[in-house]
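Student: Before I ask anything, let me first share the structure, which is written out below as structure tokens.
The values are calculated or read from the model by the stated rules, or taken from the named source; none is laboratory data. As the structure is a prediction and not an experimental result, all values here were calculated from the model. All Cβ positions, even for glycine, are placed from backbone atoms using ideal geometry, and neighbour counts span all protein chains on display. Please note that ligands, DNA and RNA were not included when accessible areas were found on the heavy atoms of the full protein model with its side chains. Shrake-Rupley method; radii C 1.70, N 1.55, O 1.52, S 1.80 Å.
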Amino acid sequence: MYNLNYQADRPLDLIGVGRLCIDLNADQFNCPMEETSSFTKYVGGSPANISIGASRLGLKTGFIGKVSDDQMGRFIVNYLKNDHIDTTNVAIDKTGAVTGLAFTEIKSPEDCSILMYRDNVADLKLSTDNISEDYIKSSKVLLISGTALAASPSREAVFLALEHARKHGVVVVFDLDYRPYTWTSDKETATYYNLAAEKCEVIIGTREEFDMMEQFYTEKNTDKQTASKWFSHHAEIVVIKHGAEGSIAYTKDGESYTGGTFKTKVLKTFGAGDSYASAFIYGLMNKWDLPKAMEFGSASAAIVISRHSCSDAMPSVKEINKFIDHSKTNV
Ligand SMILES: Nc1ncnc2c1ncn2[C@@H]1O[C@H](COP(=O)(O)OP(=O)(O)O)[C@@H](O)[C@H]1O
Ligand SMILES: O=C(O)C[C@@H](O)[C@H](O)C(=O)COP(=O)(O)O
């Protein structure tokens with residue numbers, strides 16, 4: 001079992017911090033980017049997707065981020081507001097920075113990739129001046145994502161947010177969200193990821209993401225060895241995701257739980273991790289046991305990968321329960 005203590009008096013359940021971007025998802029399937037001619041626009045960025053997913057599940061959600069001072073920035077803020085996400089701490093960049101764009105390529109359901117345009121992006125301009133201690137202490141959970149650590153001043157903003165969260169008993173969830181092209185040096189990447197992970201109660205990542213953090217080791221760690229390192233810091237739960245093979249969660253008391261996957265009609269693979277995280281966090285906040293929270297995460301992922309978008313596709317509790325019931329009656 002795990003031990004996460006949420007402060008009961010907080011008006012918000014979860015605050016996401018970091019990237020607010022745009023996904024431009026290919027309208028043509030089974031088609032390389034060179035031949036793709038049209039895209040549909042959605043709000044994107046891993047922490048944005050997770051926060052939207054959490055809000056759809058009924059968690060009272062806020063966001064700390066920075067958007068461009070243009071139509072794209074306004075589109076993002078309006079979308080969050082429509083999804084009942086508090087945007088009072090979403091700042092507007094005044095330096096002429098732009099919104100990050102993620103063009104998705106769907107060559108086949110198993111072969112998807114993302115082409116990111118992230119030069120001079122507003123999300124990485126988030127600074128310590130945009131971090132309010134009062135706001136952070138108004139939440140039970142703070143969700144951070146690794147990409148915001150890629151450059152200053154966003155990096156320092158996240159570390160300040162972590163400082164406030166630890167001071168005020170806000171449970172910190174870290175979705176590793178490693179995007180190589182936002183970083184310039186492998187060693188620098190691992191260094192900052194490890195420094196942030198030390199301060200978090202829940203760490204969620206893929207095997208490859210943990211491998212990146214462990215690049216200084218001479219031998220490859222097993223999942224169990226990877227997880228155990230963090231229990232000597234603040235971690236209560238470490239989740240290691242293995243794509244279509246499922247996930248495994250470790251708890252500080254030495255237990256581990258294997259999470260399966262649901263059969264689904266995969267349209268594209270991106271969005272799996274973000275939907276898994278939002279539904280898994282929902283389970284944790286409802287104090288479910290880990291197998292139930294992992295099943296809920298896995299079902300949400302199965303739904304989202306069968307749909308065109310990540311953010312817009314995030315399901316409600318009712319949809320996830322219906323999907324689980326339907327899947328169980330069809331095995
Ligand atoms: N092909 C698939 N079919 C069913 N579920 C999947 C599939 N791929 C991923 N999932 C679910 O999504 C979760 C996260 O996926 P994963 O690919 O590991 O994360 P990320 O998207 O962050 O790389 C998995 O643990 C699993 O539950
Ligand atoms: O995070 C981004 O900037 C892009 C996302 O919006 C995107 O759609 C995606 O890659 C989702 O990531 P995943 O859930 O880890 O597959």
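Student: Please report Rg (one decimal) and Dmax (integer) in Å for the Cα set of the chain.
Tutor: Final numbers for Rg and Dmax: 18.4, 55 Å.
Student: Another one. At R0 = 51 Å, how high is the FRET efficiency between ASN286 and SER37 if r is their beta carbon distance? Nearest 0.05 is fine. Present the calculation step by step, with values, prior to reporting the outcome.
Tutor: Details: r = 44 Å, r/R0 = 0.86.
My answer for the efficiency is 0.70.
Student: May I have the convex hull volume per residue, in Å³, for the Cα set of the stretch 159-276? Can you show the working numbers first?
Tutor: On the way: hull volume 14.4 nm³, N = 118.
Residue-normalised Cα hull volume stands at 122 Å³.
Student: Also, I was wondering about something else. Once the principal axes of the Cα atoms of the stretch 68-134 are found, what is the range along each, listed largest first in whole angstroms?
Tutor: The Cα atoms of the stretch 68-134 stretch 45, 28, 25 Å along the principal axes, largest first.
Student: Would you mind getting me the FRET efficiency between GLU255 and HIS233? Use the beta-carbon distance for r and R0 = 22 Å, nearest 0.05. All intermediate terms of the calculation are to be shown ahead of the outcome.
Tutor: Working: r = 18 Å, r/R0 = 0.83.
My answer for the efficiency is 0.75.
Student: May I pose another question? When DSSP assigns beta bridges and you keep just the ones with both residues in the stretch 66-193, what percent turn out antiparallel, to the nearest 5?
Tutor: Rounded to the nearest five, the antiparallel share is 45 percent.
Student: Also: For the chain, give the percent of accessible area contributed by carbon and sulfur heavy atoms, probe 1.4 Å, rounded to a whole number.
Tutor: In the chain, the share of accessible area belonging to carbon and sulfur is 51 percent.
Student: Okay, next question. Per residue, how big is the convex hull around the C-alpha atoms of the stretch 180-219? Give it to me in cubic angstrom, could you?
Tutor: Enclosed volume per residue, from the Cα hull, is 83 Å³.
Student: Go through 87-98, 120-131, 11-22 and give me the packing order, highest mean Cβ count within 10 Å leading.
Tutor: In descending order of packing, they fall as 11-22, 120-131, 87-98.
Student: Another question, then. For the chain, what proportion of DSSP beta bridges, expressed in % and rounded to the nearest 5, is antiparallel? Please report the intermediate quantities before stating the final value.
Tutor: Working: 21 of 51 bridges.
Rounded to the nearest five, the antiparallel share is 40 percent.
Student: Starting from the eigenvalues of the Cα gyration tensor, five times each then square-rooted, give me the equivalent ellipsoid semi-axes of the stretch 214-277, largest first, whole Å.
Tutor: 25, 14, 11
Student: Something else: Mean residue ellipticity at 222 nm from the helices of the chain, using -39,500 (n - 2.57) per DSSP H segment of n ≥ 4 over the full residue count, to the nearest 500 deg cm²/dmol?
Tutor: Values: 10 runs with 111 residues, N = 331.
Mean residue ellipticity, 222 nm, calculated: -10000 deg cm²/dmol.
Student: Restricting to Cα atoms and excluding each atom paired with itself, what does the Kirkwood estimate give for the stretch 1-113 in Å?
Tutor: Details: mean 1/r = 0.0641 Å⁻¹.
About 15.6 Å, per the Kirkwood formula over Cα pairs.
Student: Using only the C-alpha atoms of the stretch 1-53, find the volume of their convex hull and express it per residue in Å³.
Tutor: 140 Å³
Student: Quick one: Kirkwood hydrodynamic radius for the stretch 205-331, alpha-carbon pairs, angstrom, one decimal? Provide the component values of the computation, followed by the final result.
Tutor: Numbers: mean 1/r = 0.0657 Å⁻¹.
It works out to 15.2 Å.
Student: Spin-label point model (7 Å from Cα, Cβ direction): what's the PHE75 to THR329 distance in nm?
Tutor: The modelled label-to-label distance comes out at 4.0 nm.
Student: Measure off 7 Å from each Cα along the Cα-to-Cβ vector at LYS94 and HIS242, then give the distance between these two points in nanometres to one decimal.
Tutor: Taking the simple label geometry, LYS94 and HIS242 are separated by 5.2 nm.
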